[in-house]
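Comments concern the structure below.
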Ligand code: UTP
């Protein structure tokens, strides 16, 4: 069996109901963070982690994702004609990024079902999963690379985790296990959305996984669970019992961009890192904060010159 992680799948077929109506006719993964669609950050993370082949699981209304990673001959010609070389290079780079393949999940039967759609693409080797709506921002050491390095040493399925506030554990999948070093946990179980007083830890599963291929047989037998969907977590619990599993505390800022507040925070955080936006945005936020605390219901006075 290949122990190198060469293949990644990016499930991006969900309806994105938390973002309706914006996601009625366009995928949430194409919502931009400044001038780049969020899924491009995820593809870039996979490539920076050494992934060679990427399969994006799409659904209806997701054509924009395929178009984004393809050539746009008219646009390329136009930019060349206008001498907009920087923009031309940027657009060309996206079309040449990596070997990106697409498959449709015909019915949105859950994340576990989306992963199962990748069975033929993956074959019999361990593979990575990066969720299309979870950005983990670490420019110096990509989150997936942190997990791949752990997999190379320990050889076990790895789930990415990060600590959350105790009152937030009931929103996430939470791990139960023993810490074996600064960043690694040996897992005993995964618990979906526990009550805060029953949670075994405050480490929540974020959208990064490295999984052994035996998961496919398990997923094939997994019955629909929460929300009447085939849940990846349910299948991972079985795999954990069969083979053991580890968690990796990921270094990086996590942005759940499928959630409105997560999306707003992601935009602000990325904008604050842009040289051409930082000063303007900081001044604007300070002005807004001062204005809203001083003049709750007032508009600025009209002036005549
Ligand atoms: P979510 O649980 O965020 O569901 O999926 P969603 O439909 O995308 O969004 P909401 O909750 O309705 O707003 C987590 C990830 O799994 C993918 C999604 O695209 C997202 O990346 N997914 C989910 C699929 O690919 N197929 C599915 O059937 C469900």
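Read the figures in this text as sums done on the coordinates, not as results from a lab. Predicted, not measured: the structure shown is a model, and the values here were computed from it. Cβ placement follows ideal geometry from the backbone for every residue including glycine, while neighbour counts extend to all protein chains displayed.
What 222 nm value per residue comes from the helices of the chain, counting each DSSP H run with n ≥ 4 as -39,500 (n - 2.57) and dividing by all residues, nearest 500 deg cm²/dmol?
Computed ellipticity for the chain at 222 nm equals -10500 deg cm²/dmol.
For a footprinting-style exposure proxy, rank 69, 127 by other Cβ within 10 Å, fewest first. Display every interim value, and only then the final one.
Working: 69 20, 127 25.
So the ranking, lowest neighbour count to highest, is 69, 127.
List 305, 85 from most exposed to least, where exposure is judged by having the fewest other Cβ atoms within 10 Å.
305, 85
Would you please state which residues of region 4-34 a label at residue 273 would reach in this model, taking the label point 7 Å out along Cα→Cβ and a backbone N cut-off of under 19 Å?
Once the point is set 7 Å along Cα→Cβ of residue 273, 29-34 turn out to lie under 19 Å by backbone N, inside region 4-34.
Cut-off 10 angstrom, C-alpha nodes, Gaussian network model of the chain. Which of 59, 110, 262 fluctuates the most?
Maximum fluctuation in the GNM of the chain, among the listed residues, is at 262.
Among 242, 26, 162, which one shows the highest mean-square fluctuation when the chain is modelled as a Gaussian network with alpha-carbon springs under 10 Å?
Of 242, 26, 162, the Gaussian network model singles out 242 as fluctuating most.
Quick one: work out the % antiparallel among DSSP beta bridges in the chain, nearest 5.
60
Taking the Cα centre of each part, how many Å lie between region 147-166 and region 19-50?
23
Can you sort 30, 97 by how many other beta carbons sit within 10 Å, fewest first?
97, 30
Modelled label-to-label distance, residue 36 and residue 179, 7 Å Cα→beta-carbon offset: nm?
Going from the residue 36 label point to the residue 179 one covers 3.3 nm.
Find how many whole Å separate the alpha carbon centroid of region 193-245 from the alpha carbon centroid of region 94-123.
Spelled out, the Cα-based centre of one part sits 19 Å from the other.
Roughly how many whole Å is it from the C-alpha centroid of region 255-284 to that of region 52-93?
About 24 Å separates the Cα centre of region 255-284 from the one of region 52-93.
Of the candidates 257, 210, 94, which one comes out as most mobile in a Gaussian network treatment of the chain with C-alpha springs shorter than 10 Å?
Answer for the Gaussian network model of the chain: 94.
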